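What follows is one structure encoded as structure tokens, with my remarks underneath.
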Amino acid sequence: MFAVKGNRKMKKITVNTQPAYDIFIGEGCLSAAGKLIKPATRGRTCCVVTDSNVAPLYARETRQSLEAAGFSVLITELPAGEKNKTFAAVGDIL
């Protein structure tokens, strides 16, 4: 784990799987989401899946960051609760 350049409060952890991927943790992740995600994909459309508890707190900042990085953003909000974390819900989104 090490600090992300320019932000000592954000840490990057590399998960060594095949393929490996990075997880970013800490202060500033949402406002930097677009800059962090852009180099990892050639796509320019993002679907952010959230729930009715989290969306009011973080969806706006996440959308703004992604749009500033050039992404077209769709926010999909599911009802809060474990009962809604299902493959059927994923199918409905797709």
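Six or more apart or on different chains, Cβ atoms under 8 Å: show the pairs whose first residue is in the stretch 74-94 and assigned to a helix (DSSP H, G or I) and whose second is among the aliphatic types (A, V, I, L, M) and open to solvent by less than 60 Å² (accessible area, probe 1.4 Å).
From the stretch 74-94, the pairs are ASN84/LEU78; ALA89/LEU78.
Please tell me if GLN64 is surrounded by 12 or more Cβ atoms within 10 Å (Cβ to Cβ) and out of contact with any Asp or Glu (no Cβ under 9 Å at 6 or more places or on another chain). Quick ask: steps written out before the conclusion?
Numbers: surrounded by 12 or more Cβ atoms within 10 Å (Cβ to Cβ): yes; out of contact with any Asp or Glu (no Cβ under 9 Å at 6 or more places or on another chain): yes.
Yes, satisfied.
List, please: which pairs have Cβ atoms under 9 Å, are six or more places apart or on different chains, and start with a residue in the stretch 25-40 that is closer than 11 Å to ALA69 by Cβ and without any contact (Cβ under 8 Å) to a residue 12 or more places away in the chain and end with one that is among the small types (Gly, Ala, Ser) and surrounded by 14 or more Cβ atoms within 10 Å (Cβ to Cβ)?
Going by the 9 Å Cβ cut-off, there are no qualifying pairs.
Just give me the residues in the stretch 38-53 being of a type in the set (Val, Ile, Thr), surrounded by fewer than 17 Cβ atoms within 10 Å (Cβ to Cβ) and either under 12 Å from the mean Cα position of the chain (by Cα) or over 24 Å from TYR21 (Cα atoms) (or both), in sequence order. Can you show your working first?
Start the filter on the stretch 38-53 by keeping residues that are of a type in the set (Val, Ile, Thr), which leaves 41, 45, 48-50.
Remaining after also requiring surrounded by fewer than 17 Cβ atoms within 10 Å (Cβ to Cβ): 41, 45, 49.
Across the stretch 38-53, the qualifying residue is only VAL49.
The values are calculated or read from the model by the stated rules, or taken from the named source; none is laboratory data. These figures come from a predicted structure and were not determined experimentally. Counting neighbours? That spans all protein chains shown, and the Cβs are built from the backbone with ideal geometry, glycine included. Just the protein is used for accessible areas: all its heavy atoms, side chains included, with ligands, DNA and RNA removed. Shrake-Rupley method; radii C 1.70, N 1.55, O 1.52, S 1.80 Å.
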